[in-house]
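Read the structure below first, then the notes.
The values are calculated or read from the model by the stated rules, or taken from the named source; none is laboratory data. It should be emphasised that the depicted structure is a prediction, and the values quoted were computed from it without experimental measurement. Note: ideal-geometry Cβ built from the backbone for every residue, glycine included; neighbour counts use all protein chains shown. SASA here: full protein model, heavy atoms, side chains in, ligands and nucleic acids out. Shrake-Rupley method; radii C 1.70, N 1.55, O 1.52, S 1.80 Å.
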Amino acid sequence: MPPRRVLPATRIGLVAFVLFLACIPLANWMIGHVGLVCLPQGPCLVPVAPGLMAPSGVLIIGFALVLRDMVQRCLGTGWGLGAVLAGSVASVALADPHVVLASGLAFLLSELTDFAVYTPLQRRGLVLAVVASSLAGLVVDSVVFLSVAFGSLDFLAGQVIGKAWAVAISVPLVRLARRLGPQPA
């Protein structure tokens, strides 16, 4: 019996799932260890625009939003929701104790927002769906995380811009996935 051939879309989906889950520990680690400035009892910051700083993990979380969309596109809504739940558990398990609630809650709500926006839009166009859902998710993530973790929205503009950069950088990969992946169900 010949070996079963794995479809390109399935490969893309599985790789996106693994990378999605890898984003969580990386973002949590970066917040406390990577930046031009590390605040005492606070995040490490990176520049995201002239005169604008953000916690360094924002660069990775922007990619996570796009990767979750790719999981759903290539593997289906069940996998997409499974990624949200697995990511939320990982976020809580791996977050610094000072931000564990903020990390888990922000991740869960932002990814569910992303799912809710992406799902109906995917039939209108993959790039539109990914960009719109990621933008909605990154705003929710930023507001919830900053409010719960630090009781302040001081870094909101930087958070949004930093995550938006990651989404923009991902668009060529989304276009490639569109060519290789299945059409939405």
Quick one: would you say Ser152 is polar (S, T, N, Q), open to solvent by 40 Å² or more (accessible area, probe 1.4 Å) and out of contact with any helix residue (DSSP H, G or I) (no Cβ under 6 Å at 6 or more places or on another chain)?
-> no
In this structure, does Ser147 turn out to be of a type outside the set (A, V, I, L, M), open to solvent by 20 Å² or more (accessible area, probe 1.4 Å), out of contact with any Pro (no Cβ under 9 Å at 6 or more places or on another chain) and closer than 16 Å to Ala54 by Cα?
-> yes
Residues being out of contact with any Gly (no Cβ under 6 Å at 6 or more places or on another chain) and under 16 Å from Leu138 (Cβ atoms): count how many of those fall in the range 38-69.
-> 12
Picked from the range 110-144 (must be at pLDDT below 90 and hydrophobic (A, V, I, L, M, F, W, C)), the residue nearest to Gly57 (Cα to Cα) is Val127
Would you check if there is a residue in the range 32-43 being part of a helix (DSSP H, G or I) and in contact with a Cys (Cβ under 8 Å, 6 or more places away or on another chain)?
-> yes
